[in-house]
Number of protein chains: 4
Amino acid sequence: MACLALSFMATAAAAQTRPRARDLGVPFDGTPGSLNAITDVKGVEVGHTTLISGEGALEVGVGPVRTGVTAILPRGKESEAAVFAAWFTLNGNGEMTGTTWVQDSGFLDGPVMITNTHSVGVVHDAVTAWKVKRGKPDMEGYWWSLPVVAETWDGYLNDINGFHVKPEHAFHALERARPGAVEEGNVGGGTGMICNEFKGGIGTSSRVLSVKEGGYAVGVLVQCNYGDREQLRIAGVAVGREIPEHTVWQRDQGSIIAVVATDAPLIPTQLKRVARRVSLGLGRVGSYAGNGSGDIFIAFSTANPGATGPEAVHAFSMLSNEKINSIFLATVQATEEAVINAMVAAETMTGVDNRTVIALPHERLREVLKKYNRLVQ
Amino acid sequence: MACLALSFMATAAAAQTRPRARDLGVPFDGTPGSLNAITDVKGVEVGHTTLISGEGALEVGVGPVRTGVTAILPRGKESEAAVFAAWFTLNGNGEMTGTTWVQDSGFLDGPVMITNTHSVGVVHDAVTAWKVKRGKPDMEGYWWSLPVVAETWDGYLNDINGFHVKPEHAFHALERARPGAVEEGNVGGGTGMICNEFKGGIGTSSRVLSVKEGGYAVGVLVQCNYGDREQLRIAGVAVGREIPEHTVWQRDQGSIIAVVATDAPLIPTQLKRVARRVSLGLGRVGSYAGNGSGDIFIAFSTANPGATGPEAVHAFSMLSNEKINSIFLATVQATEEAVINAMVAAETMTGVDNRTVIALPHERLREVLKKYNRLVQ
Amino acid sequence: MACLALSFMATAAAAQTRPRARDLGVPFDGTPGSLNAITDVKGVEVGHTTLISGEGALEVGVGPVRTGVTAILPRGKESEAAVFAAWFTLNGNGEMTGTTWVQDSGFLDGPVMITNTHSVGVVHDAVTAWKVKRGKPDMEGYWWSLPVVAETWDGYLNDINGFHVKPEHAFHALERARPGAVEEGNVGGGTGMICNEFKGGIGTSSRVLSVKEGGYAVGVLVQCNYGDREQLRIAGVAVGREIPEHTVWQRDQGSIIAVVATDAPLIPTQLKRVARRVSLGLGRVGSYAGNGSGDIFIAFSTANPGATGPEAVHAFSMLSNEKINSIFLATVQATEEAVINAMVAAETMTGVDNRTVIALPHERLREVLKKYNRLVQ
Amino acid sequence: MACLALSFMATAAAAQTRPRARDLGVPFDGTPGSLNAITDVKGVEVGHTTLISGEGALEVGVGPVRTGVTAILPRGKESEAAVFAAWFTLNGNGEMTGTTWVQDSGFLDGPVMITNTHSVGVVHDAVTAWKVKRGKPDMEGYWWSLPVVAETWDGYLNDINGFHVKPEHAFHALERARPGAVEEGNVGGGTGMICNEFKGGIGTSSRVLSVKEGGYAVGVLVQCNYGDREQLRIAGVAVGREIPEHTVWQRDQGSIIAVVATDAPLIPTQLKRVARRVSLGLGRVGSYAGNGSGDIFIAFSTANPGATGPEAVHAFSMLSNEKINSIFLATVQATEEAVINAMVAAETMTGVDNRTVIALPHERLREVLKKYNRLVQ
């Protein structure tokens, strides 16, 4: 446990020196924000707890441990105002708690947490405890919480049945959340994840619309753990077939969680449509959303901060449906890039029973893109 | 055909001298508006075309004809501004066209039309033609219409396969639409309908909230064609079992379309919840939503008239979710009363092959309510 | 903790000497099974862990404790075969985990657990641990679990933020699960619940169809924590208005979870429709599904036990849609009775800060029913 | 009208000499059936009515006419047995009638018709009339029809407000339906459609699984009318940017209807998932599902022909969810190819007001693919 604690305290500055997909010459459409991250949407904060310890043969409850927790706070730690939100399931073999109330209320009230499949419960209760500690019961003593916690499965590399995520790891991710650059790859909930049979994990990207289109930002963060090598497409090129070495299971396996943030004034009806567009971004990179996949997406808008005050009637603004296309396209584009960023940032990892999942080899990727005249020089 | 035309020109002032459920001493909760009708929501207009002609043996294409069309215009004929809207299906054995766009846009753009099952198409195209005639293509020549047309089946009394509803009947219902008292019973789309094995048809009711609750109006209009006698409950009393004579098919048959209007500033997410509450009103009157039933409901809000202007961003207002309970309860109550009103207003009708469906006998109803100490004296 | 342990070991035989709603003369339609419980569906097992300790002022983490866990196992502890299932949300202010996969797979694979709002997480992970212990990873080491855990809020009587439910309490409910009579009222997840401002909790009922209708059983179990006194209707009578003493909050508050079991061979499409019918049962007893309510229902069929074997293609049977009405009606009826049974079985309870919620007074209930000529003598 | 009649009688053998996308060297994954069409699923029949007449300035009601109707019969004209089915909306700005009953019954009972936006009604009623003529009312005289009719908007080239589609055109498409090769491009409902700002229309493709995967066929037919040139990707290449001439509106406009057929024994729950995969195929070709798009998909299975007989309980078979991935991938692949086939088959068309929409130039396409090393030689 000391080892774990050490590990999760020390992960702060990792991975950031790795190039991102654009740095390698992968072509993408659209204009990213200055961070090319979900945090380009003002107010959004992200925090990770990364748990890496042990090696060798699996000993349930001991390790190896390759997992973690990622927290996304729509308005940061200082604001408790809910955001308009909606969700969508492309394939349901996964979990995102709290969604019935997101659906019916139209609001996301609290953070989005992402972890491994068998740690959903502990993170769920930890968020409740965190909110209890921060909040105060209202005057009638009536108080409850329906946290949003999502997951993907990391049991290939991680001792998932050892239940290594503890409440303090969820607290840590929440407390560490901040604006600015977002760590990608083998961090947070994404630590032990596998994407298209390369090492996966956390990836993010953003788009900023032109002033004429409203100047809004759209950011996407994914915990990327889906796909088979054969289907992977980068910039439209079937890269996976050209790098066939060291596959994992030669079939679609795993899941992807996507969080879409925007500062465009969208109402829940519109955010539902935005969440659905994540599917199209996944289509671009070759996903067919296999049976075992939990492809679950949530979208929120940081506009309209006054939407949940104590008044009986709230004033809001709403983007015209006629102007929403740029938001849709930005969502598709940022999803595509976030997935590639996750693979580019992740590093080769060895976990349970000395299984190794290789990182997407950067030079090989460049060679393949060049072969198809797609490399940005 | 001359006969039909005559008939539908002449139906204007019928049925209104019949008592309504309250007049008979049926107890209801809540405070209705002055009309106790969907038109208590300001701006809402309703028009009927009633087609009654012929008698005796069925001759397909000739008659007997017992059918019609009802038009509900959310903002009346003069305004083309769309309204926030949402829909819900309790049981799907029916049709309401135009709902995918209601769902995704959050708006209802045009009237809600209700007719018989086999006249959905003609009314659909008639609404398009009516909008084409009134509207003007935009500057790019791009123009389309996705009308909302719903139905229930009247083939027990009506020559439904004779396709007697014509475009002019839809136009007539639209042009006749007006505010004020709404005809109930054997009128409009409800002309040949059967409800709980009594003669059914159109029914309506409303509730007005207290000033403290916002003073909003909620109105419901139903085309009532569902149910079996055995299950009917009025004011909680199994009235149908006490009036077992002249049943029709001794099982649940048919459908119910409900339209809920309110001037409360609700967004589509909230209107979806309102539409779902119609189910609870139907539960109160004994429905179990049989397999053959098309129980489809649409709800709209006349607030926020500016929500579809040409601006990129619209300002609007939204009732807090914390204040929505009164709207929910009003919807349940008005649905319950609208169903009973439909049966109370309808009169015994003989149609195809001399089949007769009896009206709910008013005095018998009073006796039964009295027996259970539920009659309002 | 010793005290808690003692409590939950000792609750086995409680409450069963209390009369049920029928015993008091409340009239219900339809024919119940021999147990008038969800366990009339062969194979279904139910287990409760009841946690009651402490009294007086709230001390978070200490008590008073008035909570628990209820486990429903569709095929009992001995079978791991999944059941066809579907779910429905009448109002989403609550949680039922695992539903995206129920929806997309069409199967419920494991128990349904019900507890308090802030114990969803611990029970979620406990079910995973329980399945890990019982199961064995498949040959590829690939193994995951998406437990179904639902909740209602008991913080009026229970120290909900003390997080008193522990993994062993979930294990205990699972291990104690058995066929036969089901304890109702202040037991299991229902221990601290409030229903229509009377003491609520667990209630159950069943219906058995005639041989002609297939002879199927339909059972419903509810954790009943919704409603305001004013709206409560029993046998169609507004009983709550006639027993206005000792209300709790004079408004709708809380939630209801319903589990519907049947041995009729229904496919998920049909079970979705069955789950939706719970709404109509709630309509009969007066619910309007208030904003604060988490009204979430799951329905499963124990038929077709071979539906999840290793074969590529499975043989199944399916009830014709034309024959499903009796199942729908049975669901409505059993829901209605389960809700009333929960209130009839529950006993007056004093909890946090000496708040007391009174039981539905049996004699008063009989008097009111008699007044409206509804008492079965 | 004589002219129209002539036109629709004469269109039978057109377009078939045009190469298809594979013939041009466009690379696709997977193995198509012998026809590479939806009719590779045994039993499926397709018929078109193509209406082309007039030229020059728009005269509403006269022309120019560039429209039609396409009929897809799941089991051909000879069988009336319903098929298991489900539907999905990627973006709802369109119409597909009959879907509430598809959703709730799990069955598609009759053909799928596709036409232009303003002819939905006439085709709807025509299908009803066609079924009335063919069928016979049951013994109780109870009979109704809820046709499935979908549309896309052809008003750029066609006098859409002239309502040129008549009942006989729908009958003609139904009667002409047959197995075998399917005409593509400017035929049937697709006659006047525009896809990615090239001339669009009807396209189809299929995949056949290996014997090990069950040997099932999956076929897709699209009426393709969506997209902007800028986003179009063929074989992963942004072809539209390399052929920027003669664009239409420089933005996403229009819609796409997709029909997926398979002989794999899928239940409605599974078919819903299949329908959703069409989104991923559209993602591959660059769609972002713009606000104005009606992207609506229906999937059905021709297996289990006995699922709607008169028995109370039906025996059927179901593919294991564990084996469904090949069906998902085939759906994505066939969707991708069907869209490209629509554009490759369509020919340059001039319509209303002498507007011309160019066909995708075959040689230019080959050059662009070659530039990106994607041309199959």
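The values are calculated or read from the model by the stated rules, or taken from the named source; none is laboratory data. Just so it is clear, the structure is predicted and the values come from calculations on it, not from any experiment. Cβ placement follows ideal geometry from the backbone for every residue including glycine, while neighbour counts extend to all protein chains displayed. Just the protein is used for accessible areas: all its heavy atoms, side chains included, with ligands, DNA and RNA removed. Shrake-Rupley method; radii C 1.70, N 1.55, O 1.52, S 1.80 Å.
Values as computed for the structure displayed
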read-out	value
Residue list for the stretch D:102-122, restricted to those being under 16 Å from B:L146 (Cα atoms), at the interface with chain B (Cβ under 7 Å from one of its Cβ atoms) and either in a strand (DSSP E or B) or open to solvent by less than 10 Å² (accessible area, probe 1.4 Å) (or both)	D:T117, D:H118, D:V120, D:G121
Qualifying position, being of a type in the set (S, T, N, Q), touching a residue at least 60 places away in the same chain (Cβ under 8 Å) and more than 9 Å from chain C (Cβ to nearest Cβ), among B:S326, B:S317	B:S326
Failed item in (1) more than 9 Å from chain B (Cβ to nearest Cβ); (2) assigned to a helix (DSSP H, G or I), with D:T128 passing the rest	(1)
Exclusive hit being within 23 Å of A:E151 (Cβ to Cβ) and among the aromatic types (F, W, Y), set A:Y216, A:Y226	A:Y226
Checking D:G121 against (1) of a type outside the set (A, V, I, L, M, F, W, C); (2) more than 24 Å from D:P310 (Cα to Cα); (3) in contact (Cβ under 8 Å) with a residue 12 or more places away in the chain, the condition it does not meet	(3)
Filter pass, D:M9 being part of a strand (DSSP E or B) and either modelled with pLDDT under 95 or within 14 Å of chain B (Cβ to nearest Cβ) (or both)	no
Matching residues, the stretch C:62-101, being farther than 30 Å from C:Y156 by Cβ and either crowded, with 24+ Cβ neighbours inside 10 Å or facing chain A (nearest Cβ under 7 Å) (or both)	C:P74, C:V83, C:F84, C:A85, C:A86, C:T100, C:W101
Hey, C:G240 without any contact (Cβ under 8 Å) to a residue 60 or more places away in the chain, part of a loop (DSSP other than H, G, I, E, B) and under 24 Å from B:Q231 (Cα atoms) or not	no
Only one of B:S293, B:S287, B:S255 that is out of contact with any helix residue (DSSP H, G or I) (no Cβ under 9 Å at 6 or more places or on another chain) and either touching a residue at least 60 places away in the same chain (Cβ under 8 Å) or open to solvent by less than 10 Å² (accessible area, probe 1.4 Å) (or both)	B:S293
Which numbered condition D:L174 misses (of (1) away from every other protein chain (no Cβ under 11 Å); (2) open to solvent by 30 Å² or more (accessible area, probe 1.4 Å))	(2)
Residues (open to solvent by 10 Å² or more (accessible area, probe 1.4 Å) and not aromatic (F, W, Y)) located in the stretch D:232-252	D:R233, D:A238, D:R241, D:E242, D:P244, D:E245, D:H246, D:T247, D:V248, D:Q250, D:R251
Residue list for the stretch A:321-344, restricted to those being out of contact with any helix residue (DSSP H, G or I) (no Cβ under 6 Å at 6 or more places or on another chain) and open to solvent by 10 Å² or more (accessible area, probe 1.4 Å)	A:E322, A:K323, A:N325, A:S326, A:L329, A:Q333
Subset of the stretch C:12-46 [surrounded by fewer than 24 Cβ atoms within 10 Å (Cβ to Cβ), of a type outside the set (D, E) and outside any loop (DSSP other than H, G, I, E, B)]	C:R22, C:L24
Count of the stretch D:201-232 residues which are small (G, A, S) and within 20 Å of A:L329 (Cβ to Cβ)	1
Conditions (1) surrounded by fewer than 20 Cβ atoms within 10 Å (Cβ to Cβ); (2) on the phi > 0 side of the Ramachandran plot: number failed by A:N196	(1)
Out of A:E213, A:E245, sole residue that is modelled with pLDDT under 95 and in a loop (DSSP other than H, G, I, E, B)	A:E245
Residue within the stretch D:299-319 that is closer than 22 Å to D:V222 by Cβ, hydrophobic (A, V, I, L, M, F, W, C) and touching a strand residue (DSSP E or B) at 6+ places or on another chain (Cβ under 6 Å) present	yes
From D:Y372, D:Y288, residue being of a type in the set (F, W, Y), under 26 Å from the mean Cα position of the chain (by Cα) and at pLDDT 95 or above	D:Y288
From D:S279, D:S301, residue being buried (at least 19 other Cβ atoms within 10 Å of the Cβ) and more than 13 Å from chain A (Cβ to nearest Cβ)	D:S301
Filter result (more than 22 Å from the chain's Cα centre (by Cα) and part of a strand (DSSP E or B)) within the stretch B:57-87	B:E59, B:G63
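Residue-wise test of (1) closer than 20 Å to B:V285 by Cβ; (2) within 14 Å of chain C (Cβ to nearest Cβ).
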position	(1), (2)
B:V211	no, no
B:Y216	no, no
B:L221	yes, no
B:V239	yes, yes
B:R251	yes, yes
B:A264	no, yes
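Residue by residue, here is whether (1) in contact (Cβ under 8 Å) with a residue 12 or more places away in the chain; (2) closer than 16 Å to B:E347 by Cα holds:
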position: B:D125; (1), (2): yes, no
position: B:W130; (1), (2): yes, no
position: B:P179; (1), (2): yes, no
position: B:G188; (1), (2): yes, yes
position: B:E197; (1), (2): yes, yes
position: B:S205; (1), (2): yes, no
position: B:V211; (1), (2): no, no
position: B:G219; (1), (2): yes, no
position: B:V222; (1), (2): yes, no
